[in-house]
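The values are calculated or read from the model by the stated rules, or taken from the named source; none is laboratory data. Being a predicted model, the structure only gives us computed values, none of them experimental. For neighbour counting, all protein chains shown are included, and Cβ atoms are generated from backbone atoms with ideal geometry for every residue, glycine included. Ligands, DNA and RNA are excluded from the accessible area calculation, which covers all protein heavy atoms including side chains. Shrake-Rupley method; radii C 1.70, N 1.55, O 1.52, S 1.80 Å.
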Amino acid sequence: MLELTVNGQAHVVEADPEMPLLWVLRDHLGLTGTKYGCGVAACGACTVLVGGEAVRSCTLPAGDVRDAVTTIEGHGNPEALSALQAAWIEHQVAQCGYCQPGQIMQAASLLADNPAPSDEEIDTAMRGNLCRCGTYQRVRTAIRAAAGEMREARL
Amino acid sequence: MSRLGRIARRTFLVGSVAIAGGVAFGIWQARRPVANPLRPADGEVTLNPYVLIDASGVTVIAPRAEMGQGIHSTLAALVAEEMDLDWPAVRVLHGPPARAYFNGALLGPGVPVNAERGVLHDTRQAAADLAPRALGLQITGGSTSLVDAFDKMRRAGAAARETLMAAAAARAGVDIARLRTEGGAVVTPEGLRLRYEDLAQDAAAIEPPRAPRLKPPSEWRLLGRSLPRTDIPSKVTGTAQFAGDVRLPDMLYATVRLSPRLGAAMRSIDMAEALAVPGVERIVEFEDGFGVIARDTWTAMRAADLVRAEWDRAPYPPQTDAIFERIALAFDSRPNSRLRNDGDAAARLTAAPPGRVFEAEYRVPYLAHSTMEPMSATAVLRDNHLEMWAGNQIPIAFRDAAARAIGLSSGDVTLHTTVMGGGFGRRAEVDVAVQAARLAASVPGRPVCMTWTREEDMTHDFYRPGAIARARAVVGPDGPEAVVLRIAAPSVSRQGARRLMGFAPPGPDHMLVEGAHDQPYRIPDFLVSGHIADVAVPVGYWRSVGYSHNGFFHECLMDELAREAGLDPVEMRLRLIDDAPSRGVIEAVADMSGWGADRPSGTGRGFAFTRSFGAPMAQVVELAETGAGLRITRAWAAVDVGLAIDPGNVEAQVISGMIYGLSAAVMGEITFADGMVEQHNFPDYDALRMDNAPEIAVRILETMPELAGIGEPGTPPAMPALANALYDLTGERVRELPLNRRFAFA
């Protein structure tokens, strides 16, 4: 039995505690916005927040998760977009879109720690998130724009 | 030959004959109305294969694979423009597999951007439409989607609009000439708005016009502008449904393992240990592997690791070196093609003094597509009807393969083509359809969501083939005077045709030499020959296909010959190329990059030009020496697409194609040992990341008389431009990819 809090909701899941969080989210809780890309924490498609920190859910045993989990579905939704999601739409970032939930969750973690990252800090934070469509340029632009929006909103 | 193969062959021959001689037949065939495959539900009305209207508005059918290239939005805009729809209200669906959605541009010429089309063009287009239509080729590939749809879908929108106006005229008792359309409604002179939703039933009963009036470009509101893509909101909120995201009651999850030696049979299997894993439902044997079905994906993947199987030997040389020896052997065979044979290059080279003949050999490796989303599909068999969700670039063949795999007829299969997490040509194969169908058939009534592991995906691709080029040339003061360029590689088009139709048409293999024989260079004595290598490693369509290796060969060679002649590489191109749009992009990229100016110290720059899929593209790549290794810092691209229907998306595709090519050039390589692929996951087969991808600037020109697609042309010139930059920076000429074999990249 696993007890997890995901997007503010408590769940009890009947699954092996060794099972990576990714598959609990996707196959047991039906939260399919978090994607499988590699299974070895090498591409970032499965990135979620655990206790506010970006983690690769494909290698994190669900039994080790103590803090609250936030997935892309909890980060924002089509009716209530987050600043990052709005910037992603404004700057037309996504192509195939498969890596983008992971990119956005990684960026959310970055901006929570560092509200005004330099380009180099953005590059360092995002280098674990692979995009085979090569959308990096627009990802960077959208992060800068969202950071600006979020700083303004705080003033 | 199988029954299907025989039928396909007969159909194909009819098509070939008609293309060769039957223009009149071609016109008849192309003008024959296509059956509308849409089966509207209650409350829905369809006016033609592209337009579906229900109480909440208009849905446009965009029958091409959305794999990231933004084609759904661009195709929908063609219809929305002519129907005067509000862009934010437009909904887009892929629609069913259907012959109505054949891709006529696969074999055809480009489409003139001028809306006024002559008879000559009509007949050429009609003839070109014929073979894909006869074969029912609903294919996304070859950068053809927009070229194919530009007229068809605008006409569909315009025809729908005219029938809606006729319905409104009848209802309001107003002369149709006094009506106009706006925002998804017909508007009367008094300002009364009749919504399309309310007119659709009446409109469906009206015979659509055969030659609807198309808007001249001066009236366009949507086309020619960067529109927000319709798919992005769902993709940034995690609500877009990829094939592996389908969730249904009583669902099971599966993964497959195929022979690690590609195409080799499974000799034995011991599944006892795997079956003992709690949650494992069933293991299904294939000829060349097995699938594990379990209560979740992780259990299936873990159990698959516990299956012990023995595999036959590979049907190809087991080591990379031996594979390349086999490829090189093809140079000793009669060429399959001499599609460029100007003057008498062989004689010129024979007559040249030995010291004056330039010689070089270039090599490129096998490459994986490595889509972000590994292969996946979801399927359920209920009452002998298979329902499948899968990302794919060839819906008819995909559906038929699924049906055949479990003894159903095509009519017993419903295929939903989902958005896909990258395609790049990998999803133009039907292997996944067969597996998903067989897994679903083993547990009737229960949906099965199949996900390949990344390792399975990396080691069971239809790879971009390894290829070798041998060049000999004589150079004069203006550059090359005589060139013999010979190319040897396994044939993608023959393997692909065999998989799709059961036979490979004879004749010259254009894909083998595209990017080498068809470039607009004027070289007095110029021979390009293609030599087909006999290697059974599965090869397939990798973004830009033959251009992906020949662009590298040709443009590295041109760079070398420029240096031999003591000419600037850009200057030499301008001396050899007369084609105005090609010169235009070369001059534009030189201007953008400040080509002639002094380089910052510690940097090198390379230039390359490739005209592919109708689009001339010139690129400059800048490479810098950092303490930690070489870094691609900046890149510039200029491309002529005739008409940029969505400039923002054209820019995105050019950059995407370049990053794809640069990633391969720096580090992409599939190798073999004991018949098995040695790269398993991203740590072994990586790509550029945010911190080492260059900042890229794109300039779009629109001078060409014909439209060009843009999904692929960004890729070919990126690789030689980088290799040429490496020479500029280091003075070392590297004629083999990937470059990180010889140089460290940061």
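Where residues in the stretch A:97-155 are polar (S, T, N, Q) and within 12 Å of another protein chain (Cβ to nearest Cβ), which of them is nearest to B:Lys235 (Cα to Cα)?
A:Gln100
Of the residues that make up the stretch B:429-446, is at least one among the small types (Gly, Ala, Ser), in contact with a helix residue (DSSP H, G or I) (Cβ under 6 Å, 6 or more places away or on another chain) and crowded, with 24+ Cβ neighbours inside 10 Å?
yes
With the structure loaded, tell me whether B:Ala628 is surrounded by 24 or more Cβ atoms within 10 Å (Cβ to Cβ) and either in contact with a strand residue (DSSP E or B) (Cβ under 6 Å, 6 or more places away or on another chain) or more than 12 Å from chain A (Cβ to nearest Cβ) (or both) or whether it fails that test.
no
For a quick check of your reading of the model, give me the residue pairs whose first member lies in the stretch B:506-530 and is in the same structural domain as B:Gly614 (by TED's automatic domain parsing), whose second is β-branched (Val, Ile, Thr) and assigned to a loop (DSSP other than H, G, I, E, B), with beta-carbon atoms closer than 8 Å and at least 6 apart or on different chains.
So the pair list comes out as B:Met511/B:Val545; B:Glu514/B:Val545.
Does B:Leu567 satisfy the criteria of being farther than 27 Å from B:Val654 by Cα, in a loop (DSSP other than H, G, I, E, B), at pLDDT 95 or above and open to solvent by 10 Å² or more (accessible area, probe 1.4 Å)?
yes
Check whether at least one residue in the stretch B:289-298 is away from chain A (no Cβ under 14 Å), among the charged types (D, E, K, R) and assigned to a loop (DSSP other than H, G, I, E, B), and report yes or no.
So far as the stretch B:289-298 goes, no, none of its residues is away from chain A (no Cβ under 14 Å), among the charged types (D, E, K, R) and assigned to a loop (DSSP other than H, G, I, E, B).
Testing B:Gln319 on (1) in contact with a Cys (Cβ under 8 Å, 6 or more places away or on another chain); (2) open to solvent by 70 Å² or more (accessible area, probe 1.4 Å), one condition comes back false. Which one is that?
(1)
Listed here are the residues, each with its yes/no results for (1) in contact with a Pro (Cβ under 8 Å, 6 or more places away or on another chain); (2) modelled with pLDDT of 95 or more; (3) not assigned by TED's automatic domain parsing to the domain that holds B:Leu701.
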site: B:Val92; (1), (2), (3): no, yes, yes
site: B:Val111; (1), (2), (3): no, no, yes
site: B:Arg124; (1), (2), (3): yes, no, yes
site: B:Ala131; (1), (2), (3): no, no, yes
site: B:Ser145; (1), (2), (3): no, no, yes
site: B:Asp151; (1), (2), (3): no, no, yes
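Residue by residue, here is whether (1) touching a residue at least 12 places away in the same chain (Cβ under 8 Å); (2) within 24 Å of the chain's Cα centre (by Cα) holds:
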residue	(1), (2)
B:Gly661	yes, yes
B:Val666	yes, yes
B:Asp691	no, no
B:Gly711	yes, yes
B:Asp728	yes, no
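Here are some residues: B:Thr230, B:Thr237. Which one is within 25 Å of B:Glu651 (Cα to Cα) and more than 26 Å from the chain's Cα centre (by Cα)?
Residue meeting the stated conditions: B:Thr237.
Of all the residues that make up the stretch B:484-503, how many are open to solvent by 30 Å² or more (accessible area, probe 1.4 Å), in contact (Cβ under 8 Å) with a residue 12 or more places away in the chain and farther than 30 Å from B:Pro569 by Cβ?
Counting residues in the stretch B:484-503 that are open to solvent by 30 Å² or more (accessible area, probe 1.4 Å), in contact (Cβ under 8 Å) with a residue 12 or more places away in the chain and farther than 30 Å from B:Pro569 by Cβ gives 6.
Kindly provide the set of residues from the stretch B:459-483 that are open to solvent by 20 Å² or more (accessible area, probe 1.4 Å) and of a type in the set (Val, Ile, Thr), ordered by number.
Passing the criteria: only B:Val475.
With the condition being within 22 Å of A:Leu2 (Cβ to Cβ) and open to solvent by 40 Å² or more (accessible area, probe 1.4 Å), I'd like the helices (runs of 4 or more DSSP H) fully within the stretch A:39-155 carrying at least 1 qualifying residues.
A:72-75
Can B:Arg338 be described as surrounded by fewer than 16 Cβ atoms within 10 Å (Cβ to Cβ) and of a type outside the set (Gly, Ala, Ser)?
yes
Would you check which residues across the stretch B:216-244 are open to solvent by less than 10 Å² (accessible area, probe 1.4 Å) and assigned to a helix (DSSP H, G or I) and list them?
Selection gives B:Ile232, B:Lys235, B:Val236, B:Ala243, B:Gly244.
Whether any residue in the stretch B:437-458 is of a type in the set (D, E, K, R), touching a His at 6+ places or on another chain (Cβ under 8 Å) and in a strand (DSSP E or B) is what I want to check.
The answer is no, given that none of the residues of the stretch B:437-458 is of a type in the set (D, E, K, R), touching a His at 6+ places or on another chain (Cβ under 8 Å) and in a strand (DSSP E or B).
Please verify whether B:Gly657 is open to solvent by less than 40 Å² (accessible area, probe 1.4 Å) and touching a residue at least 40 places away in the same chain (Cβ under 8 Å), treating the condition exactly as stated.
Spelling it out, B:Gly657 is indeed open to solvent by less than 40 Å² (accessible area, probe 1.4 Å) and touching a residue at least 40 places away in the same chain (Cβ under 8 Å).
Can you report the number of residues in the stretch B:672-718 which are outside any loop (DSSP other than H, G, I, E, B) and either within 14 Å of another protein chain (Cβ to nearest Cβ) or closer than 17 Å to B:Ser593 by Cβ (or both)?
The number of residues fulfilling the criteria is 10.
Examine the stretch B:296-306 for a residue that is surrounded by fewer than 19 Cβ atoms within 10 Å (Cβ to Cβ) and closer than 27 Å to B:Glu429 by Cβ, and state whether such a residue exists.
Yes, the stretch B:296-306 has at least one match.
Can you say whether A:Asp16 is open to solvent by 40 Å² or more (accessible area, probe 1.4 Å), within 10 Å of another protein chain (Cβ to nearest Cβ) and more than 24 Å from A:Arg132 (Cα to Cα), as far as the supplied structure shows?
So A:Asp16 fits the description; yes.
Being open to solvent by 60 Å² or more (accessible area, probe 1.4 Å) and within 31 Å of the chain's Cα centre (by Cα) is the filter here; which residues of the stretch B:341-360 pass it?
Within the stretch B:341-360, B:Asn341 is the sole residue that qualifies.
Checking the structure you have, find out if any residue of the stretch B:361-379 is touching a Leu at 6+ places or on another chain (Cβ under 7 Å), open to solvent by less than 10 Å² (accessible area, probe 1.4 Å) and either of a type in the set (S, T, N, Q) or in a strand (DSSP E or B) (or both).
yes
If you go through the stretch B:327-360 one residue at a time, how many are in a strand (DSSP E or B), of a type in the set (D, E, K, R) and under 21 Å from B:His510 (Cα atoms)?
Number satisfying all stated conditions: 3.
A quick yes/no check of all residues on (1) modelled with pLDDT under 95; (2) farther than 30 Å from B:Ala433 by Cα; (3) in the same structural domain as B:Asp534 (by TED's automatic domain parsing):
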| site | (1), (2), (3) |
| --- | --- |
| B:Phe286 | no, no, no |
| B:Val307 | no, no, no |
| B:Ile323 | no, no, no |
| B:Ala328 | no, yes, no |
| B:Ser337 | no, yes, yes |
| B:Arg340 | no, yes, yes |
| B:Glu359 | no, yes, yes |
| B:Asn384 | no, no, no |
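Just need a number here: residues in the stretch B:177-198 that are among the acidic types (Asp, Glu) and farther than 19 Å from B:Ala89 by Cα.
Result for the stretch B:177-198: 1.
Among the residues of the stretch B:380-433 satisfying the criterion of being within 14 Å of chain A (Cβ to nearest Cβ) and in a helix (DSSP H, G or I), which is farthest from B:Met458 (Cα to Cα)?
Applying the filter and picking the extreme gives B:Arg427.
Inspect all residues belonging to the stretch B:339-351 and state whether any of them is touching a Phe, Trp or Tyr at 6+ places or on another chain (Cβ under 9 Å), within 14 Å of chain A (Cβ to nearest Cβ) and touching a residue at least 24 places away in the same chain (Cβ under 8 Å).
The answer is no; no qualifying residue exists.
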